[in-house]
Each structure stands twice: as structure tokens, then as C-alpha cells.
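Take a look at the structure below.
The numbers here are math on the coordinates, done by the rules we state, and not lab data. What you see is a predicted model, and the numbers here were worked out from it, not measured in a lab. Ideal geometry is used to build each Cβ from the backbone, glycine not excepted, and the neighbour counts take in all protein chains shown.
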């Protein structure tokens, strides 16, 4: 296990029994703390994923980034460059995340009753998947993922429709999306909202003005939007604090929807940025 210190927050990489690796960041705070599972984008556990995991620890949480591409035996450099893509199977992801949760619960620094998950881009679905298949999760966060176009459809890898996952959710959901996203349209976001409301699930969804796909990623200058990223990160931390602290009354259904997009919005004009 490799270890280092960054701003007095301890980070390490561990290999679990299945062979899956996890990147971990521990807060300076002593005693048991809530934990947040941070799922990577299509590039795997890259520097951006590690940076966000460390930021979670700096906010006082135990951050854990499992490598959901642990079964991939191809060119890792090509993967992190986006030249190849790895598809995820729901059943395999559930096994991996169950192992990650078990690992967290065995850590002396973790309060096992307070675990949240954040899915980013490709892994947005997986943050809903986990929250739909168990009661271990206090909060689910979707960052510009899960509901784009064909993701509403089922296939061999994803046999359960998104609507069914939403019906089974066991915790509040925070959804963060961008107006200029070339993958997820405003109509997709509204469909997501409608599905949450029909299923009577508590949520907070926000659509950011002019934000393209991947705009939280400061390692990709073409996509990164500093002010929106700063605001979204504070929204995530506020949501986590509220859910971990009991601020969501589970006896009530709470809905918050915020949007800022043009009346002349045209999804077809949105383009991929690097």
C-alpha cells in the first residue's frame, strides 16, 4: 500500500481481495467520520478523481475511489486518454461496490452508518444503482451522468431501466447538470426530475447555465468552468452535510429544482469540448 501526505490529509492506494484497487483519502479529524465513495469518469481513477477524493477528505470525510475498471486488461494509457472505452455491467459493479462498502466499514475512521456515493459522467448510473439495491447509502449524487439519451434504454449490461432504479431509491438524490452538455439534454434532466417526482423520491436537481459536459474537471481546460465548479462543489458539500446530519426528514418528500437555461436552447448545437 503506497501512502503519502497532502495538506496533512493521508492518502493511500490499496488492493482489495477481489483484486480491485481503491484510492483512499483520510481527513485530519480524529474519530469516526462519514465516508463518500467517489466514482471515476470514463478515464478511470485519474488525477481528477484523486483530486476530488482528496477534497472530500479536506471537507472532513473519508474519501474512497474504487477502480470499477479493475477487470480491464487493455492499454491503461489509452484509457486515460479517452482513446478506448470500458463498458460496465450492473451486476459486476454491485459486487465491486459491496466490497468497497465492506472495506469502508472495517476502517476505524469510518462511521459505517453514514456512507454516500457520487457518480460522475459514465458512472452517474452506478450511484443510482447502488442506492436502489441496498440501504447502506445515505445520499446519492449524480454529476452530469445517468440520464443522457440512450441511458434510458436497457441492454445486456444494464438490464434495469433508470426509472426502475429511481423507484427503488433508498436515499435523497442530488443531480447536477449543465445547459451546454452535448450528452445530456435539458429534456433528459426534466425527464429525470419527472421520474423522481412520480416515484415520490426526495431530490435536489440543478441545471447550470452554459456549462458543458465535464465542467467540474479542472484538468480539461476546454470544459472547466471555474465559477460553476466552485458553486457545484459547495452544493455537494452542503447536500452531504444535510443528509449525514439528518437534515433530510425521511418522513417527508422534499423537492428542489433549479434551472438557468435559454428560451432558445437547442440541444443539437451543443458540442464536445476537451
Handout entry: Size-normalised alpha-carbon gyration radius of segment 115-274, reference 2.2 N^0.38 Å
Key = 0.99
Exercise for the section: Would you calculate the separation in nanometres between label points at residue 29 and residue 234, each defined as 7 Å from the Cα along the Cα-to-beta-carbon direction? Expected result: 1.9 nm
Fill in the blank from the handout: Proxy exposure order for 40, 204 (fewest C-beta within 10 Å first) is 204, 40
Fill in the blank from the handout: Under Stokes-Einstein, segment 1-117 at 20 °C and 1.002 mPa s, with its Kirkwood radius over C-alpha pairs, diffuses with a coefficient in µm²/s of 148 µm²/s
Problem - Bridge type composition, segment 2-269 - antiparallel percent by DSSP, nearest 5 - result: 35 percent
Exercise for the section: Given the options 219, 73, 53, state which has the largest fluctuation in a GNM of the chain using a 10 Å cut-off (strictly under) for Cα springs. Expected result: 73
Practice task
For each of 183, 37, count neighbouring Cβ atoms within 10 Å of the residue's Cβ, then give the residues from fewest to most.
Solution key: 183, 37
Completion exercise
For the residue 226, residue 199 Cβ pair and Förster radius 25 Å, calculated FRET efficiency rounded to 0.05 is 0.10
Handout entry: Distance histogram in 5 Å bins (all Cα pairs of the chain, percent per bin)
Key = 1, 6, 13, 18, 20, 18, 14, 7, 2, 1, 0
Practice task
Determine, for 69, 192, the number of other Cβ atoms within 10 Å of each Cβ, and report the residues in order from fewest to most.
Solution key: 69, 192
Exercise for the section: Starting from the Cα of residue 272, step 7 Å toward the Cβ, then list every residue of segment 15-59 with an amide N under 18 Å from that point. Expected result: 41-44
Completion exercise
CD proxy, 222 nm, the chain: helix-only mean residue ellipticity via -39,500 (n - 2.57) per DSSP H run with n ≥ 4, per residue, nearest 500, stands at -9000 deg cm²/dmol
Completion exercise
Note: residue 102 to residue 83 extended length (0.36 nm per residue) minus current alpha-carbon separation gives 3.5 nm
